Amino acid sequence: MSAVNCREIEAVVANAPMGVLVTRDGQITRYNRKFSEMFGFVGDEGIGQPVSTLYSSVEAYDALRALAGPLFAVGKPLQAELYMRSQEGIGLWVELAGYVLNTENASEETVWFFEDRRVWQAARAAQQQILLENEAIFDNALAGIAVIENQHIVRCNRRMKEIFGYLQGGLTERSACIFNFPTQEFEEVGAEIYRVLGECGVYSGEINIRSRDGRDLCCQVSARTLGSADPLGKSIWIFDDVTERKKAERALAQAKAEAEAAADAKSRFLANMNHEIRTPMNPVIGLMSETEISRLFRPFAQSDETARLIRVDRRFFDLPIIAMAAHALAEERQRGLDSCMNDHLAKPIDPDELFRTLIRYGVDLQVEPAAAVSVADSLFAVPGLDTAAGLRRVGGKLNFYRKLLRQFVHGQSGVIQDIRIALAAANFQLASRLAHTLKGVAGNIGATPLSRIAAEVDDAIRESPGGKATKVHLLRLECALDELCTALAAEFGTSAVVSRGARAQVSPRPIVEKLAAALRSDGGVVDCFDAHADAVREVFPEPDFATLATAARDYDSAGALARLATAREVLKAGDS
């Protein structure tokens, strides 16, 4: 070999990316730069040192010599992965290969190659740790997980076994038929799942299945193929047992329906107590059933006579009968007691007193507390209206109370004109009944001052229909009713209020502005829209009004505000 070739080889060995070491008789004779970097030698300080200093222990060195000796003796190289030690005492994993230069004399120099495996070992350790963590997650997951291939379970976790009742016996290699569908249903459900897997690679849905021990289960199932377009290839399935959740949802839905039915019955019950709001009825309540509150009330022609007729039937001898009268006078109470009634309630009905009375006579009532209503609601500012009292009579249901107020405006705003017509026609009984009805209705909604004046008109008509007192009280009633109806019309956006034979117009402009402000703040949008729908409808043609209503009730503020901008233009055009 020429000197040039020798220098080239020396250069290659010196700059090789792996460590190169030459030993003889257990001593280090030469090494390259990479080896010195790996084992922490500075310059040539390692030459002459024992090879055993490179090993983690003398035992490790002796074990390698015992392994290498027979191989070197027959001219074969040695390859091994070994844990060694640098001069700083730092452990390092290396892949080692060694062979003797002269196979006929193994005591001559031996060449060793070292590849640093620390990065690889760290990556493998990290991978192993990830694998262990994934195994822990898999085994302890709250959902059942299974790997299925060709409709057979290849592997599954503990939760899967728990769900299907196989803790004592494994699920591995079992057919997916363990899901215990009836045969035809299994084929149908399985065909649908595998069809979706084949088309999309994923499936998700709820299926009803049965466990090994006969429990009916509802599972949310998710499946995904693993790297294959064939749905019968390996796929991972996740089973989330939602049986209890479904039961809870059904129970909650039933409880909600029952609560809504009870609340509706209570609202109707409270409304029916104030009979003048709907149709005139007589002041007696016949309690025909003590278990269904909504069916306790029946109208009768004459309360005294009806009570006596009920008592004649021995079945109803102990049935509580409660009188409802417009007055709380002692003589009326006594008259009811004398006619076989048990008790007396004066109108307008106080719900708390009503419930106490019913409970006192054995009616099993579960009375819910009235819903809280903020005193900031604009109804509390309406003059002549005791909003708190009115809400108390409807169990705190604000929307229902607003509905009653709207009915009051539409049904009672023109009653003064009707009373005058009845008086002019000498139909004094009708005039008195109209005043009496207004008294009761006003009291029911909390318009106490108006109710008192209506009572004075009723009394005056009974005593002297054409007298001065009747005219004076009727004029006072007209003013009070007109003031209240006008205020309520402005609150609800009603376009006209009938009173004194005329209509007081309410401008829709402030209503439109109020609705726009509610939309911008997202505060009470639906309530605001429903309260002022009549006024807003006047500005919009029907298709546009329906679009606006949908946007407002869907909380689409941007869409609703865009519609209201059109309304402003219409109003401006009308002003000009």
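The values are calculated or read from the model by the stated rules, or taken from the named source; none is laboratory data. Keep in mind that what you see is a predicted model, and the values were worked out from it rather than measured. Using ideal geometry, Cβ is built from the backbone for each residue, glycine included, and neighbour counts are taken over all protein chains shown.
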- prompt: If you scan segment 17-36, which residues turn out to be in contact with a helix residue (DSSP H, G or I) (Cβ under 8 Å, 6 or more places away or on another chain) and of a type in the set (A, V, I, L, M)?
  reply: Met18, Val20, Leu21, Ile28
- prompt: Can Ser499 be described as at pLDDT below 70, among the small types (Gly, Ala, Ser) and in contact with a Ser or Thr (Cβ under 6 Å, 6 or more places away or on another chain)?
  reply: yes
query: Glu81 is checked against (1) within 30 Å of Ala123 (Cβ to Cβ); (2) not in a strand (DSSP E or B) and fails just one. What number does that condition carry?
result: (2)
- prompt: Which condition number does Gly524 fail, the rest of (1) at pLDDT 70 or above; (2) on the phi > 0 side of the Ramachandran plot being met?
  reply: (1)
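Is it the case that some residue within segment 354-367 is among the polar types (S, T, N, Q) and either assigned to a loop (DSSP other than H, G, I, E, B) or at pLDDT below 75 (or both)?
Yes, segment 354-367 contains at least one residue that is among the polar types (S, T, N, Q) and either assigned to a loop (DSSP other than H, G, I, E, B) or at pLDDT below 75 (or both).
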- prompt: Applying the selection to segment 204-217, what residues are surrounded by 14 or more Cβ atoms within 10 Å (Cβ to Cβ) and either modelled with pLDDT of 90 or more or of a type in the set (Gly, Ala, Ser) (or both)?
  reply: Ser211
- request: Collect the residues in segment 27-44 that are assigned to a loop (DSSP other than H, G, I, E, B) and surrounded by 12 or more Cβ atoms within 10 Å (Cβ to Cβ), keeping them in residue-number order.
  value: Asn32, Gly40, Phe41
task: Go through (1) at pLDDT 85 or above; (2) more than 22 Å from Asp216 (Cβ to Cβ) and name the single condition Gln151 misses.
output: (1)
query: Any idea which of (1) touching a helix residue (DSSP H, G or I) at 6+ places or on another chain (Cβ under 7 Å); (2) surrounded by fewer than 16 Cβ atoms within 10 Å (Cβ to Cβ); (3) touching a residue at least 40 places away in the same chain (Cβ under 8 Å) is the one Asn150 doesn't satisfy?
result: (1)
message: Looking only at segment 45-70, filter to residues that are outside any helix (DSSP H, G or I) and farther than 23 Å from Glu10 by Cβ; which one of those is nearest to the chain's Cα centre (by Cα)?
response: Ser56
task: Identify all residues within segment 196-223 that are free of Cβ contacts under 8 Å to residues at least 24 places away in the same chain and charged (D, E, K, R); write none if there are none.
output: Glu199
Meets criteria (within 60 Å of the chain's Cα centre (by Cα) and not in a helix (DSSP H, G or I)) for Glu95: yes
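For the structure I just gave you, tell me whether Gly169 is outside any loop (DSSP other than H, G, I, E, B) and at pLDDT below 85.
no
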